[in-house]
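See structure below.
The values are calculated or read from the model by the stated rules, or taken from the named source; none is laboratory data. Everything quoted here is computed from the prediction, not taken from an experiment. Quick reminder, even Gly has a Cβ in these numbers, built from the backbone with ideal geometry, and neighbours come from all protein chains shown.
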Amino acid sequence: MTEIFRYAKLAMLAGAASLILTMSACSSEKSLAPVVSPSNSKVINLPNGEWPIGTPEQVKMDPKEVEAVMQYAKESPVLSMLVVKDGTIVSEYYKDGMSDSKLAINSVTKSVTSLLIGIAIDKGYLKGINEPIEPFFPEYKELFNSTDKRSITLEHLLSMTSGLHFPEWTDWNYMIQPMTETKDWNQFVLSQPMDSRPGEIWNYNTGGSQLMAAILRKTTGQSELDFAKEHLLGPLGIDSMKWPRSPDDSNSGGFGLKMKPRDLAKIGQLVLNRGVWDGKRIVSEAWIRESTSRHSEGNVFFGEYGHHWWMNQYGGHKAVFGLGYAGQYLTIVPDLNLVIVVNSAATGNPQDTTLPIQFIESLVKAVKNK
């Protein structure tokens, strides 16, 4: 449990940054156009599923700009940085020989969980995102003690608008630590009171991600990791990862996954490919479009929120990204066919935590003939 708790703490975004990470009301507008769509991305197949290696010049990126970013990264808390353009690795940096190390991606785990929910829907394990979650948890029937709580759906969990009390960005000791110290994480989450009606208010909630991990286990008969190995990670040729289990034999749906940077980049390329890998459909294009569309306003600092994916603009280009505590980023810029992976060991210093955003902006601007 000590290891799981350590991962849980890492799942949180920097506490010092919480002063500027204010909650925003869910938009009353319909979801905006997806960040990843056929109009702004193209499918790129990798030879034998492995990354080709190239140079910035070959993909029309300014080599001096790319090198400057990499040099700056070496003087920062960044542990690894990987740049994939047009399906080719054109630059990568690893601190102290970490190229083959499995690094914590923290809350980028949530974006992987989103893909697995989409796959479960594609394969018929789940009917869709508008399913109420109450029937998945008959053992906690007494906890669904209000009309609002009984109205919570998968969509609300995915978009962080469930209304469940879970103020983890203001005090991780108040929510995450108590959750990971209990023998029943699902009960802990579901026993929380309702702060708002489902669908009204965006509130970052790792507890909701944990409920989705439990729903995957209940509907597929597999832990999230085993389901991922069969239907997501395995088909991508990812065979080396770590993912701690929760007490109910699910995995921690909102944090804890460790992967090699090159493998994490494959997740990004899959999204850029709109769910196709080496000619095989892994997750439906409909899910990629749905999950990378805006479903709430998110917060004023990091951007809008889809279904466990963030979205913002870098250098004037729309991007979708997974985001984790201490500066973990999986960023996809569809119209540039660009995937950027950053693993970092930033402390609570907001400047260190948000430094990868500056790197990403600079790498986007390094693309010529945009």
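Residues are listed down the side, and each one gets a yes or a no for (1) in contact (Cβ under 8 Å) with a residue 60 or more places away in the chain; (2) assigned to a strand (DSSP E or B):
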position: 51; (1), (2): yes, no
position: 58; (1), (2): no, no
position: 64; (1), (2): no, no
position: 69; (1), (2): yes, no
position: 72; (1), (2): yes, no
position: 79; (1), (2): yes, yes
position: 84; (1), (2): yes, yes
position: 90; (1), (2): no, yes
position: 93; (1), (2): no, yes
> When you scan the range 291-306, how many residues do you find that are surrounded by fewer than 21 Cβ atoms within 10 Å (Cβ to Cβ) and closer than 11 Å to residue 160 by Cα?
Replying inline: 1
> Any idea how many residues of the range 78-100 are hydroxyl-bearing (Ser, Thr, Tyr) and at pLDDT below 95?
Replying inline: 1
> Which of the residues that make up the range 227-246 are under 19 Å from residue 110 (Cβ atoms) and exposed (fewer than 15 other Cβ atoms within 10 Å of the Cβ)?
Replying inline: 242
>> Report every pair of residues separated by at least 6 positions or lying on different chains whose Cβ atoms are under 8 Å apart, first residue within the range 119-137 and on the phi > 0 side of the Ramachandran plot, second surrounded by 20 or more Cβ atoms within 10 Å (Cβ to Cβ) and in a helix (DSSP H, G or I).
In response: 128/121; 128/154
>> Can you report the number of residues in the range 193-225 which are part of a loop (DSSP other than H, G, I, E, B) and among the polar types (S, T, N, Q)?
In response: 5
> Only one residue in 53, 89, 44 is more than 25 Å from residue 355 (Cβ to Cβ) and either within 22 Å of the chain's Cα centre (by Cα) or hydroxyl-bearing (Ser, Thr, Tyr) (or both). Which one?
Replying inline: 44
> Would you call residue 161 among the polar types (S, T, N, Q) and within 13 Å of residue 116 (Cα to Cα)?
Replying inline: no
> Could you say whether any residue in the range 281-296 is farther than 18 Å from residue 43 by Cα and touching a strand residue (DSSP E or B) at 6+ places or on another chain (Cβ under 6 Å)?
Replying inline: yes
>> Condition first: surrounded by 23 or more Cβ atoms within 10 Å (Cβ to Cβ) and either under 24 Å from residue 125 (Cα atoms) or of a type in the set (Lys, Arg) (or both). Now tell me which residues in the range 160-189 satisfy that.
In response: 160, 161, 162, 185, 186, 189
> Taking the stated definitions as given, is residue 327 farther than 16 Å from residue 72 by Cα and under 18 Å from the mean Cα position of the chain (by Cα)?
Replying inline: no
> Restricting the search to the range 241-293, which residues are assigned to a helix (DSSP H, G or I), under 17 Å from the mean Cα position of the chain (by Cα) and aliphatic (A, V, I, L, M)?
Replying inline: 264, 265, 267, 270, 271, 272, 288
> So which residues in the range 293-320 are aromatic (Phe, Trp, Tyr), more than 19 Å from residue 208 (Cβ to Cβ) and in contact (Cβ under 8 Å) with a residue 60 or more places away in the chain, if there are any at all?
Replying inline: 301
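Given the options 73, 25, 14, name the one that is crowded, with 17+ Cβ neighbours inside 10 Å, among the small types (Gly, Ala, Ser) and modelled with pLDDT under 65.
When all the criteria are applied, what remains is 14.
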> Which numbered condition trips up residue 60, out of (1) at pLDDT 95 or above; (2) closer than 29 Å to residue 256 by Cβ; (3) among the charged types (D, E, K, R)?
Replying inline: (2)
> Conditions: (1) more than 13 Å from residue 254 (Cα to Cα); (2) assigned to a helix (DSSP H, G or I); (3) at pLDDT below 95. Residue 188 meets all but one. Number of the miss?
Replying inline: (3)
>> Just the residues that are within 14 Å of the chain's Cα centre (by Cα) and not in a strand (DSSP E or B), please, taken from the range 294-314.
In response: 302, 306, 307, 308, 309
> For the range 247-259, what are the residues that are free of Cβ contacts under 8 Å to residues at least 60 places away in the same chain and surrounded by fewer than 20 Cβ atoms within 10 Å (Cβ to Cβ)?
Replying inline: 249
